[in-house]
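Report on the structure given below.
Readers should treat all values here as calculations from the given coordinates under stated rules, not as data from a laboratory. None of these values were measured; they are calculated from a predicted model. Glycine also receives a Cβ, built like all others from the backbone with ideal geometry; neighbour counts cover every protein chain displayed.
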Amino acid sequence: MKRRRTRVAAASAALLAAVAAGACTAEPPAGPPGARGPGAEQSRTGAPGSPADRAEQARRSQTLRAAAAAKWGLERVPLAAPPPPAVKPALTTREGFEVAGHDRLPPVFTTVPVTERVVFLTIDDGREKDPDLLRMMTELGIPYSSFLSDYLISDDYAYFGEMRDRGVALHNHTLNHRYMPALDYAEQKREICGQQDRLARRYGTRPPLFRPPYGNYNQDTLRAARACGVKAVPLWAAEAFPDRMEWREWDRDLHPGDIILTHFRGADEWDGTMVDMIRQVMRTVTEKGYAVARLEDYV
Ligand SMILES: [Zn+2]
């Protein structure tokens, strides 16, 4: 696998520069020399932001994504997500996940109510800090959201700073990854508010989203989360590993709006690298006809 990656690296160096440029500027990256004649200019007839212009940009970014997919060993090119909704869907707590007074507390859900074939990718904890993951996701243009626990990221805050610089939202997964229902209200509040403060100080934004460790919570957890400024509590409908998916639903399938959980883990913790894990989950997502969308565009 190493050897294969080295072999394609040279061929895609120029592409990577193009990908990086495309990700950071409104100007679409220059195409290959053959595409730069008057014909190519003519195909971009629309003004910036017009339907013709957007279609051309989408076509170009899908071309880049196809090259990135080949580089990173994906069998299929990830599908492009539709434009974000003008209005975010209203969220309610999933049936069976309620606590007393849940309608006044941040909603707890495993799926975002949408009709389009999009799913959301979330990565938890923060122990493994694989630079290949940052590169892969940027080059493929796959959005994801991170839920970070301070005790696991504190040996390398800079890694997640680079992740944020690449457009990834960093959310709250408590200071010390304790089992919340075993703690009283004040202890839970310290775990949640403490991580809000730390993430805000380190990365400049107070996260709107919180995920309790192990997905376990009680009314105190949600009351504390609300007091700490949390707006919503996304759990997950499926969990991704390097070699398999695990499903919450009886039909063992994806559904529009499903949230996928995975973890920052290395080959010492599970059977593969972060890159292997992304390959596996994207195979499943793309084969089933879904695109990965940005959670923060919907929640
Ligand atoms: Zn966790």
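For Lys88, a cut-off of 26 angstrom between C-alpha atoms picks up these lysines, skipping any fewer than 8 places away in its own chain: Lys231, Lys288. Among 136-149, 214-227, the peptide with the highest mean count of other Cβ atoms within 10 Å heads the list, and the full ranking is 136-149, 214-227.
With θ taken as phi - 60° and the Karplus curve 6.51 cos²θ - 1.76 cosθ + 1.60 applied, the whole-hertz 3J(HN,Hα) list for the stretch 174-188 is 6, 5, 10, 6, 7, 7, 4, x, 7, 9, 7, 4, 5, 5, 5 Hz, x standing for glycine and proline. Listed peptides 167-175, 56-64 appear in the order 167-175, 56-64 once ranked by packing, highest mean of other Cβ atoms within 10 Å at the front. Normalised by the number of residues in the stretch 45-175, the mean separation of alpha-carbon contacts (under 8 Å, six or more apart) gives a relative contact order of 19 percent. The modelled label-to-label distance between Arg76 and Ala186, using points 7 Å beyond Cα along the C-beta direction, is 5.4 nm. Amide H to amide H distances under 5 Å link Phe147 with Ile123, Asp124, Asp125, His171, where only residues 5 or more positions off or on other chains count and H is placed in the peptide plane. In this Cβ point-charge picture (+1 for Lys and Arg, -1 for Asp and Glu), the stretch 102-298 has a dipole of about 720 debye about its Cα centre. Using a cutoff of 8 angstrom between alpha carbon atoms and counting only pairs six or more residues apart, the relative contact order for the stretch 102-298 works out to 33 percent.
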